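For reference, the structure is listed below as structure tokens.
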Amino acid sequence: MQAIETKLKGCFILEPTIFEDDRGYFFESYNEEKLKGILGYKPIFVQDNQSKSSYGVVRGLHMQEGEYSQAKLVRVIEGAVIDVVVDVRPGSGTYGEFIAIELTEQNKKQLFIPRGFLHGFSVVSENAIFFYKCDNGYNKSSEDGINPLDTELNINWQIPLEKMIISEKDKLAQSFNEFKIKNLI
């Protein structure tokens, strides 16, 4: 497995070693000791989640705050997504910056997202099955988020606006500026 730290400290792209032959392929999708070696600590994942979405779906930008914040290890089992993380860790040198990477069933890349990041993705294939491990359980009262179409962040979801499928909750989510004001940033 190769680990590439992104411009957002602590956020890593993980590229597996894939063994392929005429029977198919094999790769190690998770190894606790290897991840510990990359991160410098051992995350304890307590919840796995999986979603299926169709082309044009944009999910996010979501996070949990405080004692319920979550680190995540995400990947695509089927299809392709543009995965986006935004650094909103107070005092971070990259606060407000984001990365967007393509995760596909073909490239089998994973993204480790530390606590303190907003997360979202858009589906750029006909369908996508998205899988993620979380180091903390879901807690509705600690949810926070930003509208995925926020003009200050100006994220390119690689989906034409007229074809985007966004939940009402996400459409009504606060702007990045409102998020900063609320958090006194």
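None of the figures in this text is laboratory data; all of them are computed from the coordinates on show. Please read all numbers here as calculations on a predicted model, not as lab measurements. When we count neighbours, we look across all protein chains shown, and the Cβ atoms used for this are built from the backbone with ideal geometry, even at glycine.
How large is the charge dipole for the chain, taken about the Cα centre, if only the Cβ atoms of Lys, Arg (+1) and Asp, Glu (-1) carry charge, to the nearest 20 debye? If you can, show how the numbers build up before the last one.
Numbers: 21 positive and 27 negative charges, 79 e Å.
The calculated dipole for the chain is roughly 380 debye.
Would you mind classifying the range 65-125 by shape? Square roots of the alpha carbon gyration tensor eigenvalues, ordered a ≥ b ≥ c; an a/c under 1.5 is rounded, otherwise it is prolate if a/b is larger than b/c and oblate if not. Can you show the working numbers first?
Numbers: a/c = 2.71, a/b = 1.93, b/c = 1.40.
Here the range 65-125 falls in the prolate category.
Between Glu67 and Leu172, how many nm apart are label points set 7 Å from Cα along the C-beta direction?
In this crude spin-label approximation the distance works out to 2.9 nm.
Excluding Lys7 itself, what net charge comes from residues whose Cβ is under 12 Å from its Cβ, given Lys and Arg +1 and Asp and Glu -1?
Values: positive: Lys9; negative: Glu5, Asp87, Glu97.
The answer is -2.
Which residues' amide hydrogens lie under 5 Å from the amide hydrogen of Gln70, considering only partners 5 or more residues apart or on another chain, with H built in the peptide plane?
Amide H to amide H, under 5 Å and 5 or more residues apart or across chains, Gln70 pairs with Gln64, Gly116.
List Val81, Val76 from most exposed to least, where exposure is judged by having the fewest other Cβ atoms within 10 Å.
Result, fewest neighbours first: Val76, Val81.
If r is the Cβ-Cβ distance from Asn49 to Glu126 and R0 is 22 Å, what FRET efficiency results, to the nearest 0.05? If you can, show how the numbers build up before the last one.
Details: r = 21 Å, r/R0 = 0.97.
My answer for the efficiency is 0.55.
Mind giving me the FRET efficiency for Tyr41 and Glu143? R0 is 25 Å, r the Cβ-Cβ distance, nearest 0.05 is fine. Don't skip to the end; give the middle numbers.
Values: r = 25 Å, r/R0 = 1.01.
Approximately 0.50, to the nearest 0.05.
Measure off 7 Å from each Cα along the Cα-to-Cβ vector at Ser29 and Asn156, then give the distance between these two points in nanometres to one decimal.
The two pseudo-label positions are separated by 3.0 nm.
Per residue of the range 105-122, what does 6.51 cos²θ - 1.76 cosθ + 1.60 with θ = phi - 60° give for ³J(HN,Hα)? Whole Hz please, x for Gly and Pro, Karplus curve as stated.
5, 7, 7, 6, 5, 10, 10, 8, 10, x, 4, x, 10, 7, 9, x, 8, 10
Quick check for the range 45-182: number of Lys pairs with alpha-carbon distance under 20 Å, counting only pairs 8 or more apart or on different chains?
Count of close lysine pairs: 21.
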